[in-house]
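The values are calculated or read from the model by the stated rules, or taken from the named source; none is laboratory data. Values in this document were obtained by computation on a predicted structure and should not be read as measured data. Counting neighbours? That spans all protein chains shown, and the Cβs are built from the backbone with ideal geometry, glycine included. All accessible areas refer to the heavy atoms of the entire protein, side chains included, with ligands and DNA or RNA removed. Shrake-Rupley method; radii C 1.70, N 1.55, O 1.52, S 1.80 Å.
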Amino acid sequence: MAKLKIDGNEIEVPDHFTLLQACEEAGAEVPRFCFHERLSVAGNCRMCLVEVKGGPPKPQASCAMGVRDIRGGPNGELPEVFTNTPMVKKAREGVMEFLLINHPLDCPICDQGGECDLQDQAMAFGIDSSRYQEDKRAVEDKYIGPLVKTVMNRCIHCTRCVRFTTEVAGISELGLIGRGEDAEITTYLEQAMTSELQGNVVDLCPVGALTSKPFAFTARPWELNKTESIDVMDALGSAIRVDTRGREVMRVLPRVNDQINEEWISDKSRFIWDGLKTQRLDRPYVRKDGRLQAATWGEAFGAIKAAVSATSGDKVGAIAGDLASVEEMYALSELVKSLGSENLDCRQDGTALDPSLGRASYVFNPTIEGIEQADALLIIGANPRFEAAVLNARIRKRWRRGNFPIGVIGEAGELRYDYEYLGAGPDTLKDLVDGNHAFAKVLTDAKKPMILIGQGALSRTDGAGVLASAAKLAGTVGAVVEGWNGFAVLHTAASRVGGLDLGFVPGAKGVNAADMLASMDVLFLLGADELDFAAKKAKLTVYIGSHGDNGAHNADVILPAAAYTEKSGTWVNTEGRVQMGNRAGFAPGDAREDWAIIRALSDVLGKKLPFDSLGELRGKLYAAFPHFAALDEIAESDSAKIAAVAKKAGKMNKSGFASPVKDFYLTNPIARASAVMAECSALARNNFKVAAE
């Protein structure tokens, strides 16, 4: 720790702090443009100038000077820093005057207006006039892709975007070329950016040089209602803010959550919002004479009642999709059980995970934040870059610190960090378990090894054998010990852990999702669109969902439901953290919240569920599963269950592991309805072809 005085107040801070951090700790406000807590120090905007007593007779950049770099007085007096002296005030005014020499007077038409650091700091620390009369320089706008709009006249060369793409995203796509007044930020060859995290440069840019292209000229920030919620585009549960105007979602922004997403979100999470407006189901439909026709709720419920009445309970089944919340899965499971059926499944991809094996066997036990404690990593059958882009950035963050060997079994792709490619499939995994591979020693020598297993390894016919082998390896190399559980299952579906926690899986006499498609008389699809509908033989398929996607196209009755921004719901992320999303708007037309549809249907079927409101539903849910009431907490898992799974070793076939995410931008119904995601997908495919050639 280091002691110093800031504006006369004595303060003690860690000795690795910069003066800027120390000033903030003392409650002093220090302006900055280039400094960012999660990026390296550049020290090139000079806005954070302070006066150091006993130091050089000039202002010092507080972001680039550490508390260890300043000295106290000759008689043992503490070092002193001043943030509000006349020297500091004049220096900041001068820096602001320099920054505004070439800055255009774009504020009335700039998308950053109202949220602009330059506006705010010019008001607080600048002066009311400029002494410069020369012409402003002009810089040509750059094309850097369909997501980020550039107006490079406004750029103040803070290089935040350059440092983010290089350090966090892991690909040097932006850089500064030229010198003096010819300096400019560019992608060199004016190619589109390829990172799945590129949208974060919009938040980082302190001026209007980089803004959201889909959001351009659509709304001002003060017109929007802001709702804090949870992202469901992957299984991380990133903290987001949904901005709406009336019933319409206008944009999605990240919120700071150091335990999960820090302050980043993936491009799919950020730019998905136009998909919420298109391909929406806003009225019930019933298939008549081979065609879906608009119907009333009564007609739709009547068709379902007739089909349920004509069959037995064991011929009724339900499959939950990837975006379903815990509340609606609970309501549907209670309804299906009341009809005498055990045919439930939330694993539409056929993954081998099962709640009977214990919670530790299907969650990301070390936690996302715990990645930074690990000192070796083995990735089995996963591509974190596409399956969980923000988690991949966390792995890269740990890798950049050094002494973090990474091995990969599966596809050899570009992960944005160096790794050792061990092999393609189960044979390599078996060699590691038997200790016949050099990387086994790397894991054994590590104090906190981590084994990350993805759905590409688990959703195969031999998934149970792969899971058992991975669990055995975890025990062999010491990944599961007192104080550390490095067995990490990476999910791709936001609903999966919640469904497994609920026991939304086949009972003793139940059948799985694939068999339900072929054998049920009445099949409920709760937003389930990622199934092989070519095998569907069900007599009546009921689709409860928000978008006209695969499930709706193959349904006989469609019940229009709310999207994730239009309902209050609980989701459990890949690490087992219970989170609640809030309603930002209302569903279009006759669409209703999923739990309300299921409750109304239960009445018609004569199996009335015992709740009339969301509060009552949650009361029943919490009584049956108390851990769902502990929001933002991770229920403790029994690590011993992983050893039990290891004993269930089964056969594995010879084929290599492959990630289930083939197209990062088109993984769910909302994404497939988005024109922005379609453009990104086409661009990514073209880039892949060019790279392959």
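Leu531: open to solvent by 20 Å² or more (accessible area, probe 1.4 Å), under 20 Å from Val505 (Cβ atoms) and either without any contact (Cβ under 8 Å) to a residue 24 or more places away in the chain or not polar (S, T, N, Q) (or both), yes or no? The answer is yes for Leu531.
Condition (residue is within 34 Å of the chain's Cα centre (by Cα) and among the charged types (D, E, K, R)) applied to the range 45-63: is it met by at least one residue? Looking for residues that are within 34 Å of the chain's Cα centre (by Cα) and among the charged types (D, E, K, R), one finds at least one in the range 45-63, hence yes. Run down Ala587, Ala555, Ala538 and say which single residue is assigned to a loop (DSSP other than H, G, I, E, B) and within 21 Å of Gly615 (Cα to Cα). Matching residue, one of Ala587, Ala555, Ala538: Ala587.
Annotation note: of Thr565, Thr541, the sole residue that is without any contact (Cβ under 8 Å) to a residue 24 or more places away in the chain and open to solvent by less than 20 Å² (accessible area, probe 1.4 Å) is Thr541. Checking the structure you have, find out if any residue of the range 294-302 is hydroxyl-bearing (Ser, Thr, Tyr) and closer than 25 Å to Tyr564 by Cα. Yes, the range 294-302 contains at least one residue that is hydroxyl-bearing (Ser, Thr, Tyr) and closer than 25 Å to Tyr564 by Cα. Restricting the range 481-514 to residues that are open to solvent by 10 Å² or more (accessible area, probe 1.4 Å) and in contact with a helix residue (DSSP H, G or I) (Cβ under 6 Å, 6 or more places away or on another chain) leaves a set whose member that is farthest from Val232 (Cα to Cα) is Gly503. Would you confirm, using the coordinates I've provided, whether Leu353 is in contact with a Ser or Thr (Cβ under 9 Å, 6 or more places away or on another chain) and closer than 18 Å to Tyr543 by Cβ? Criteria not met by Leu353. Of the listed requirements (1) modelled with pLDDT under 95; (2) surrounded by fewer than 24 Cβ atoms within 10 Å (Cβ to Cβ), Val578 misses just one: (1).
Inside the range 608-648, residues that are open to solvent by 70 Å² or more (accessible area, probe 1.4 Å) and small (Gly, Ala, Ser) make up a count of 1.
For the range 533-544, name all the residues that are modelled with pLDDT under 95 and either of a type in the set (A, V, I, L, M, F, W, C) or in contact with a Pro (Cβ under 9 Å, 6 or more places away or on another chain) (or both). Result: Phe533, Ala534, Ala535, Ala538, Leu540. For the range 643-671, give me each residue that is part of a helix (DSSP H, G or I), within 30 Å of the chain's Cα centre (by Cα) and modelled with pLDDT under 95. Within the range 643-671, Val645 is the sole residue that qualifies. In the set (1) among the acidic types (Asp, Glu); (2) open to solvent by less than 50 Å² (accessible area, probe 1.4 Å); (3) in contact with a helix residue (DSSP H, G or I) (Cβ under 8 Å, 6 or more places away or on another chain); (4) outside any helix (DSSP H, G or I), Asp111 fails one condition alone, (3). Contact annotation: residue pairs with Cβ atoms under 6 Å, 6 or more positions apart or on different chains, pairing a residue in the range 18-41 that is more than 15 Å from Glu167 (Cα to Cα) and in a loop (DSSP other than H, G, I, E, B) with a partner that is of a type in the set (Val, Ile, Thr) and open to solvent by 20 Å² or more (accessible area, probe 1.4 Å), are Ala26/Ile11.
Just one of the listed residues (Glu24, Glu37, Glu12, Glu29) is open to solvent by 40 Å² or more (accessible area, probe 1.4 Å) and more than 27 Å from His157 (Cα to Cα), namely Glu12.
Note on the range 326-355: residues that are out of contact with any Gly (no Cβ under 6 Å at 6 or more places or on another chain) and over 19 Å from Ala474 (Cβ atoms) total 16. The range 238-357 holds helices (runs of 4 or more DSSP H) entirely within its bounds, and those carrying 2 or more residues that are within 19 Å of Leu559 (Cβ to Cβ) and open to solvent by 10 Å² or more (accessible area, probe 1.4 Å) map to 297-309, 326-338. All conditions in (1) touching an Asp or Glu at 6+ places or on another chain (Cβ under 6 Å); (2) open to solvent by 30 Å² or more (accessible area, probe 1.4 Å); (3) over 30 Å from Arg385 (Cβ atoms) hold for Met652, with the sole exception of (3). Within the range 498-518, residues that are over 15 Å from Val316 (Cβ atoms) have Cβ atoms under 9 Å from residues that are surrounded by fewer than 20 Cβ atoms within 10 Å (Cβ to Cβ) and of a type in the set (Asp, Glu) in these pairs: Leu500/Asp354; Val505/Asp354; Ala508/Glu342; Ala514/Asp532, counting only partners at least 6 apart in sequence or on another chain.
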